[in-house]
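Written out below as structure tokens is the structure these notes cover.
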Amino acid sequence: MDNQCFSIAIDKRKVAEMPTVTFSGAITVVEQPADAAEAVRYLRQQSVVGFDTETKPNFRKGMTNRVSLIQVATEQHSFLFRINKMGLTPELKEFMECDDIVKIGLSLKDDFHMLHMIGDFEPHNFVELQEMVRKYHITDSSLQKIYAILFNERISKGQRLTNWEAAKLTGPQMIYASIDAWACLRIYKYLNSGQFDPSASPYIVPDTPEATPPVEQQ
């Protein structure tokens with residue numbers, strides 16, 4: 001398989017035609033340090049989780065906001081840590097540094113760079129999906145396109161530029177944030193299960209300079 005010359009990529013118009021993915025698991029919003037400690041105790045019992053962050057958008061050139069939210073998800077439960085309200089707690093720092101839980105994310109280098117503006121930590125046992133999917137000939141790098149290639153469903157990005165520092169997160173915000181972390185976990189588990197055969201993907205494109213689409217920016 002690895003010696004075959006082909007790439008897998010999907011056109012954004014094809015993604016737009018797909019049904020929207022839903023998240024039916026439990027969602028817990030964490031705003032207090034004591035609640036964060038309890039949530040991390042639960043997560044420390046897991047072997048693998050999905051990970052993501054959200055930052056309040058800034059539309060002024062040259063200005064950058066700090067990370068507002070850390071999302072950590074199991075298959076059935078999503079935890080939304082509002083670090084704009086409580087900071088990077090000792091328990092969260094320990095979670096980021098622990099070796100006994102595999103944490104799956106995408107564009108992790110960017111997440112870590114932004115999180116280091118809030119607190120010092122040394123990330124351990126994280127898996128970068130953008131690197132993982134290359135082994136399966138997938139050249140798209142966005143979570144939305146990777147998910148669409150594997151599951152034929154579309155992750156809606158309608159909430160991405162909303163206010164993640166609002167006094168109270170809306171229902172659509174909570175679902176969007178949960179899906180991003182949960183989707184990372186689902187992709188990782190599906191690829192590791194051996195169920196995905198790249199050579200049978202309907203999104204194969206010829207591996208030529210003329211046909212290979214450019215890598216999109218996040």
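Pairs meeting the criteria (first residue in region 177-192 and of a type in the set (D, E, K, R), second residue part of a helix (DSSP H, G or I) and surrounded by 19 or more Cβ atoms within 10 Å (Cβ to Cβ), beta carbons under 8 Å, at least 6 apart or on different chains) are Asp180/Leu143; Arg186/Tyr147.
Against the conditions (1) without any contact (Cβ under 8 Å) to a residue 12 or more places away in the chain; (2) within 21 Å of the chain's Cα centre (by Cα), where does Arg13 fall short? Just the number, please. Failed condition: (2).
Examine region 106-121 for a residue that is assigned to a strand (DSSP E or B) and either at pLDDT 95 or above or over 30 Å from Gln4 (Cα atoms) (or both), and state whether such a residue exists. Walk me through how you get there before you give the answer.
Initial filter on region 106-121 (assigned to a strand (DSSP E or B)): none.
No, because not a single residue in region 106-121 is assigned to a strand (DSSP E or B) and either at pLDDT 95 or above or over 30 Å from Gln4 (Cα atoms) (or both).
Taken over region 170-187, the criterion of being touching a strand residue (DSSP E or B) at 6+ places or on another chain (Cβ under 6 Å) and either part of a loop (DSSP other than H, G, I, E, B) or charged (D, E, K, R) (or both) is satisfied by Asp180 alone. Across region 142-165, the qualifying residues are those that are in a loop (DSSP other than H, G, I, E, B), in contact with a helix residue (DSSP H, G or I) (Cβ under 8 Å, 6 or more places away or on another chain) and open to solvent by 20 Å² or more (accessible area, probe 1.4 Å), and the one among them that is nearest to Ile204 (Cα to Cα) is Glu153.
In region 195-203 there is no residue matching the filter, namely being of a type in the set (Asp, Glu), modelled with pLDDT under 95 and open to solvent by 50 Å² or more (accessible area, probe 1.4 Å).
Quick grid of which residues meet (1) in contact (Cβ under 8 Å) with a residue 40 or more places away in the chain; (2) not aromatic (Phe, Trp, Tyr):
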site	(1), (2)
Asp52	yes, yes
Val67	yes, yes
Phe95	yes, no
Ser107	yes, yes
Asp111	yes, yes
Asp120	no, yes
Arg134	no, yes
Ile138	yes, yes
Ala148	yes, yes
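The values are calculated or read from the model by the stated rules, or taken from the named source; none is laboratory data. Predicted model, so just to flag it, every value in this text is computed and none were measured. Every residue, glycine as well, gets a Cβ built from its backbone with ideal geometry; the counts of neighbours run over all protein chains shown. Areas reflect the complete protein model, heavy atoms only, side chains present, ligands, DNA and RNA absent. Shrake-Rupley method; radii C 1.70, N 1.55, O 1.52, S 1.80 Å.
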